[in-house]
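Here is the structure we will look at.
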Amino acid sequence: MKIIVEADSIEELKKLLAQLISKSAAEDFQEIDLLGLNVRLRKQLTQEGITTIDQLQKMSDMDLLRITNLGRKSLNEIRSALYARTLQNLPSQ
């Protein structure tokens, strides 16, 4: 993933990055329910003991695909939801 951030100065860039890191770090431990995943997929993840966004972010594609009945479509849904969440956490200019 590539994120491009524009800033007029190093200080502004540091400020933007600090806001992004602090906001996203606090939200990482929130429940996966906040990602808007479909019910079947949330149930599969919960049965595997994956209940927080942080846990989900730390898993590789191969780790996720090893979950019973979790295929490419579900993997794409997870990755899209995590990407959308990352975009929402970017500071507005």
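The values are calculated or read from the model by the stated rules, or taken from the named source; none is laboratory data. Note that the coordinates shown come from a computational prediction; the quantities given were computed from them, not determined experimentally. Cβ placement follows ideal geometry from the backbone for every residue including glycine, while neighbour counts extend to all protein chains displayed. What goes into the accessible areas is simple: the full protein's heavy atoms, side chains included, and nothing from ligands, DNA or RNA. Shrake-Rupley method; radii C 1.70, N 1.55, O 1.52, S 1.80 Å.
Laid out as a table, the results:
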item	result
Neighbours by Cβ (under 9 Å, 6+ apart or cross-chain): first from the range 4-27, more than 25 Å from ILE53 (Cβ to Cβ); second open to solvent by 100 Å² or more (accessible area, probe 1.4 Å) and at pLDDT 65 or above	ALA7/LYS14; ALA7/LYS15; LEU13/GLU6
Output for the range 20-35, where each listed residue is open to solvent by 50 Å² or more (accessible area, probe 1.4 Å), in a helix (DSSP H, G or I) and either touching a Leu at 6+ places or on another chain (Cβ under 9 Å) or at pLDDT 80 or above (or both)	ASP33, LEU34
Flag for THR46 being open to solvent by 70 Å² or more (accessible area, probe 1.4 Å), touching a helix residue (DSSP H, G or I) at 6+ places or on another chain (Cβ under 9 Å) and at pLDDT 80 or above	yes
Hits in the range 46-61 (condition: part of a helix (DSSP H, G or I), in contact with a Leu (Cβ under 8 Å, 6 or more places away or on another chain) and farther than 15 Å from ARG85 by Cβ)	ASP61
Within the range 49-90, considering residues that are among the small types (Gly, Ala, Ser) and open to solvent by less than 20 Å² (accessible area, probe 1.4 Å), the one farthest from GLU31 (Cα to Cα)	SER74
